[in-house]
Amino acid sequence: MSIYSKIKRLLLIFYPAKCINCGEVIENKNPFCENCSKKFPPTRRLRYIEVNNKKIKCISAFHYGDKIREAICDFKFRDRKNYAGFFAASISEVLLPEDEVKKFNYITSVPLSKQRYKERGYNQAELVAKDLCERIDIEYNEILEKIKDNKTQHTLNLEERKVNVKGVYATSKRFDLRGKNVIICDDIITTGNTLSECVKMLMDSGCENILCLTTADAS
Ligand SMILES: [Zn+2]
């Protein structure tokens, strides 16, 4: 972790957590106070990403906008790791019986590069997935690896984004994924290129069914 992150972490101890919406001082495990939580309830958002001519379901708990965007940014960049439980609970709330979550063997997350992980000190998608695995009773495993550094997706245009994720991820050799059903967790789905590439890697390793779960959908 960089000195800058350490200082930031220290400062957070002295600055009380506040509700992102109204500013009320609250416990720092939730971005909103009790009242404001009701104004930003999780709402199921469903879309499909197409990989190898197969439609893969992607479910999100929020639209990526307004205060949710702020909460996610705080979670990712301002060390609000404690929000993981809030986001995981929100995702589990929008899952339906038709999603057949129980049939999945593993839950995993979209990995960060080693460099980014070092800088941030944690992978936000991993924290949510690890909290979620207990709520939906599915084993968490680090199945995906980031084998190449790439640019941050949001700095690129649509065409560049597609190219930017190619060959960046791989599945870990520690798992025999043939015939397995895997859930991939990420924080935001925008164009879906990152998740598509991860799904492709899982398919190439023999995964049978794949489901994507994200905190927010930016479309
Ligand atoms: Zn509030």
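What follows is calculated from the coordinates using simple rules that are stated; it is not laboratory data. Computed from a predicted model, the values in this text were never measured in an experiment. All Cβ positions, glycine included, derive from the backbone under ideal geometry; neighbour counts span all protein chains shown.
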I'd like the distance between the alpha-carbon centres of the stretch 98-119 and the stretch 148-184, rounded to an integer number of Å. 11
Over the stretch 47-184, the quotient of the Cα radius of gyration and 2.2 N^0.38 Å is 1.09
Here the gain from full extension of Gln115 to Glu142, 0.36 nm per residue of separation minus their alpha-carbon distance, amounts to 8.0 nm
The chain: calculated mean residue ellipticity at 222 nm from DSSP helix runs of at least 4, using -39500 (n - 2.57): -10500 deg cm²/dmol
When DSSP beta bridges are limited to those with both residues in the chain, what percentage is antiparallel, rounded to the nearest 5? 35
Given labels modelled 7 Å from the Cα in the Cβ direction, how far is it in nm from Leu46 to Tyr15? 4.1
Non-local residues with an amide H under 5 Å from the amide H of Leu211, with H modelled 1.01 Å from N and Pro and chain starts lacking one, are Val182, Ile183, Ile184
Rel. contact order, % - alpha carbon contacts under 8 angstrom, at least six apart, the stretch 42-217: 28
Averaged over all directions, how much area does the convex hull of the C-alpha atoms of the stretch 99-140 cover when projected, in nm²? 3.1
